[in-house]
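Here is the structure we will look at.
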Amino acid sequence: MIKISWSILNAWKSGRKQDALDMVMGKPTPDNEYMEKGREIHKAVSSQKLRLLDLIDDSYIFEDMEPAEGKRQNYFKIKLSDTVLFSMVVDCLSIDGRIVIDWKSGKQTSSSADPMQLFCYAYALGFKGIEIDRGIVAKVNDDLTLGGYSVYIIDADKKAQAAQLIAETASEIMKEL
């Protein structure tokens, strides 16, 4: 069985095949200042449960550690087939609202981010009985303010595109291993 994540899919489809293979093999990837800053911003948004969008209410679950149990919230490992395990961390999730939110930092704008990440998350969460029909990419500025957002309707066609991308990429990677 191969473990796939959005980072692996994105690296592979953008032509960084060796990076993707290294991630699949569990090799550590070198950090850079942008990655470190991004993790800091994600951690601050999560730990402070910042309601950067007006729609965020108490039903939203932020990626975090559960204090009582010490396990990660919004971390999913989902068996999609006999050969593919999809691993993901959803930055912010509303099961009631059927919404996933992904925070972006750095120079990337919300509209320049690839919405396929949201489609993959929605597709995989369906295997857990969590139906997602909207995804939001939200840009978080360095000062933890909202720098814009893009909303995507996620229908059966978008989930089918995600399923195809995951299956084809996993197959291509397995041939290289």
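The table that follows gives values for the structure above.
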| read-out | value |
| --- | --- |
| Tilt relative to the chain, helix 116-126 - C-alpha long axis, 0 to 90 degrees, to 10 | 90 |
| Selection of trypsin sites (Lys or Arg not before Pro), segment 41-129, meeting DSSP coil and at most 12 other Cβ within 10 Å | Lys71, Lys107, Lys128 |
| FRET efficiency for Lys17 and Ser81, using Cβ-Cβ distance with R0 set to 25 Å, rounded to 0.05 | 0.70 |
| Size descriptor, Kirkwood hydrodynamic radius, that averages inverse alpha-carbon separations across the chain, Å | 16.8 |
| Amide hydrogen neighbours beyond the local backbone of Ile95, cut-off 5 Å, H modeled | Ile61 |
| Given charges at Cβ of Lys, Arg, Asp, Glu: the chain dipole, positive-most of Met116, Leu93, Ile173 | Ile173 |
| Among 169-175, 33-39, 137-143, the order from most to least packed when residues are scored by Cβ within 10 Å on average | 137-143, 169-175, 33-39 |
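FYI, it's all coordinate maths here, none of it is from the lab. On a predicted model such as this, the values are computed, not experimentally measured, just so you know. Backbone-built Cβ (ideal geometry, glycine too); neighbour counts: all protein chains shown.
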